[in-house]
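Asks: Have a look at the structure that comes next, please.
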Amino acid sequence: VFAFENTVVTSGSMQPLLKRGDYALTDHRASLKGSWKRGDVILFVGPKSWDSAGATLIKRVVGLPGETVE
């Protein structure tokens with residue numbers, strides 16, 4: 001398992017921080033420890049129930065386990 005991964009942003013959903021075509025260097029060490037914090041930008045694979053199933057997605061953490069987001 002590599003700790004870092006180079007990724008190309010393919011969506012505009014994180015603008016203005018990340019634009020389509022930008023490159024991002026992802027540090028996987030936090031995810032290996034399960035230590036995400038609110039505000040972290042993470043990569044994950046879309047679940048089978050989503051339209052983007054199997055795609056690598058990039059999003060910001062807005063809620064943590066046990067919290068409700070409205």
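The values are calculated or read from the model by the stated rules, or taken from the named source; none is laboratory data. What you see is a predicted model, and the numbers here were worked out from it, not measured in a lab. Glycine also receives a Cβ, built like all others from the backbone with ideal geometry; neighbour counts cover every protein chain displayed. Only protein heavy atoms, including side chains, enter the accessible area calculation; ligands, DNA and RNA are left aside. Shrake-Rupley method; radii C 1.70, N 1.55, O 1.52, S 1.80 Å.
Asks: Please report, ordered by residue number, the strands (runs of 3 or more DSSP E) entirely within the chain with at least 2 residues that are open to solvent by less than 50 Å² (accessible area, probe 1.4 Å) and either in contact with a strand residue (DSSP E or B) (Cβ under 6 Å, 6 or more places away or on another chain) or free of Cβ contacts under 8 Å to residues at least 60 places away in the same chain (or both). Let's see the steps before the verdict.
Replies: Numbers: elements: 4-8, 23-27, 41-45, 56-60.
In the chain, the matching strands (runs of 3 or more DSSP E) lie at 23-27, 41-45, 56-60.
Asks: Also, quick follow-up: Just give me the residues in the stretch 3-57 being of a type in the set (A, V, I, L, M) and touching an Asp or Glu at 6+ places or on another chain (Cβ under 8 Å), in sequence order.
Replies: Those that are of a type in the set (A, V, I, L, M) and touching an Asp or Glu at 6+ places or on another chain (Cβ under 8 Å): 3, 8, 9, 25, 30, 43.
Asks: Have a look at 30, 53, 24 and point out the one that is aliphatic (A, V, I, L, M) and touching a Gly at 6+ places or on another chain (Cβ under 6 Å).
Replies: Going through 30, 53, 24 in turn, just one is aliphatic (A, V, I, L, M) and touching a Gly at 6+ places or on another chain (Cβ under 6 Å): 53.
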